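*Asks:* Below you'll find the structure I mean.
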Amino acid sequence: MKIRAFIITCLLSFLAIPVYQAKGQKANLAKYSAGFPVNYNEDSVGTYTLPDLLTMKNGEKVTDAKTWMNKRRPELVAQVESLQFGKTPPPPAHLHYHVFDKGTSALQGKAIRKQVSIYLTPDTSHKVDVLIYLPAHTTKPVPVFLSINFGPNTWAVNDSGIKRSFIWSRDGKLIPAPPSQRQSIPDPDKFLEQGIGIAALYYGDIEPDFKKGYEYGIRKYYSKTGTLAPDEWGAIAAWSWGLSRVMDYFETDKQIDAHRIALFGVSRLGKTVLWTGGRDPRFKLVIASCSGEGGAALSRRNYGENIKHLTDTSRYFYQFSANYHSFASDVSKLPFDAHALVALMAPRPLLLQTGDVDYWSDPKGEFLSAIAAEPVYKLFGEKGPGTTVWPQAKDTSLLLNPLGYYMHSGGHGTVPDDWDKYLLFLKKFL
């Protein structure tokens, strides 16, 4: 048992599964990352000016929702795609699926379990397995909460009927996933009781999350030259592209209401779902947990992680387009900031969930990003934070706005109480 626990701990460390940070430890945080200093002092944040979301590249002002949707939004999507996450290929011409579990009674009879292999290539060399639970005895299409996870499907829900899972090792090998005591979706019954289905997938099925993951993932398959141009996709864009292929499948499943799909991810997968919702308007709702730098936190605000830390070759350069690295030393030259990612969801519901001591991910920076994106939501008559006062931890006053914000008491990732907050958000908007 000790050996098994050691293996799991190593795997979690490698995969960067979110961890919790105790209160009162700000003074003990690392002062450098990748050899670059890290600022945690509000007095040293500096001054900055955010690009105006409602001014187009040609200087034209955006004053209505139609202009935003038809002109400004496509313009921003193209910028973020080219300069941050990278361009992706179109969907496979002949996307195909294998529903190998067509509907089995599960979870003490409360659910119908389905399991689907979605083939991401015309052959069968690359696929993602999706685990789905629908409320038992449902007679009409149901909304679904889709979670992209760091761990395999066998870690998502406590169910012995889930297909045996494999996970990437450090040396680029797929190995059988060991058991886990911590489920990605800790209490599926709460969702099912509200008539909401749940679905899960392992991000490594799409692209491994390490420097040489390109050699094994979906990006190399679709590369025409074997190398990537500066504006082509990083790993986050690959995971996002894979999520859109899951949506393609949902549109074919008559038991699922594809117009009511909620998307959830944590940390780098919080960045992934935020970008997915921005570029693919088919997703009804997004919950981005602790997405931080490169996600919802403002890059121009010098606090916690910054682009220089994020894109260093010793860290996560492979997750972004090569173009993004060019802004590491002067973020003011980037023609957008995180508030653009947030605004691309408008008018669809978006919840930014953070932690009050997740200093590395800058929870205040996410709040300020929501404030800066609120004018876009207002074009549609929808509400954002509606205040410039940063709420305290566990304050739910901003939770149920269409552009919502909630900060738990704790560090990076999710804590048990967060799931009840997610469910409240889903019940109101899904």
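The values are calculated or read from the model by the stated rules, or taken from the named source; none is laboratory data. It should be emphasised that the depicted structure is a prediction, and the values quoted were computed from it without experimental measurement. Quick reminder, even Gly has a Cβ in these numbers, built from the backbone with ideal geometry, and neighbours come from all protein chains shown.
*Asks:* Can you find a residue in the stretch 376-383 that is modelled with pLDDT of 95 or more and farther than 16 Å from residue 69 by Cβ?
*Replies:* Yes - at least one qualifying residue is present in the stretch 376-383.
*Asks:* Okay, next question. Of the numbered conditions (1) out of contact with any Cys (no Cβ under 7 Å at 6 or more places or on another chain); (2) crowded, with 19+ Cβ neighbours inside 10 Å; (3) over 19 Å from residue 299 (Cα atoms), residue 413 fails exactly one; give the number of that condition.
*Replies:* Every listed condition holds for residue 413 apart from (1).
*Asks:* How do the pairs read when you match residues in the stretch 350-376 that are in a loop (DSSP other than H, G, I, E, B) with residues anywhere that are among the hydroxyl-bearing types (Ser, Thr, Tyr), using Cβ under 6 Å and keeping only pairs 6 or more apart or on different chains?
*Replies:* Matching pairs, first to second residue: 356/409; 362/303.
*Asks:* Could you check the stretch 206-231 and list, in sequence order, the residues that are surrounded by fewer than 23 Cβ atoms within 10 Å (Cβ to Cβ) and either among the basic types (Lys, Arg) or not in a loop (DSSP other than H, G, I, E, B) (or both)?
*Replies:* 211, 212, 213, 214, 215, 220, 221, 222, 224
*Asks:* Report yes if some residue within the stretch 198-221 is modelled with pLDDT of 95 or more and over 24 Å from residue 85 (Cβ atoms); otherwise report no.
*Replies:* Taking every residue of the stretch 198-221 in turn, at least one turns out to be modelled with pLDDT of 95 or more and over 24 Å from residue 85 (Cβ atoms).
*Asks:* Additional query: Would you call residue 195 under 20 Å from residue 115 (Cα atoms) and either in contact with a Ser or Thr (Cβ under 8 Å, 6 or more places away or on another chain) or part of a loop (DSSP other than H, G, I, E, B) (or both)? Lay out the reasoning, then the answer.
*Replies:* Numbers: under 20 Å from residue 115 (Cα atoms): yes; either in contact with a Ser or Thr (Cβ under 8 Å, 6 or more places away or on another chain) or part of a loop (DSSP other than H, G, I, E, B) (or both): yes.
It is true that residue 195 is under 20 Å from residue 115 (Cα atoms) and either in contact with a Ser or Thr (Cβ under 8 Å, 6 or more places away or on another chain) or part of a loop (DSSP other than H, G, I, E, B) (or both).
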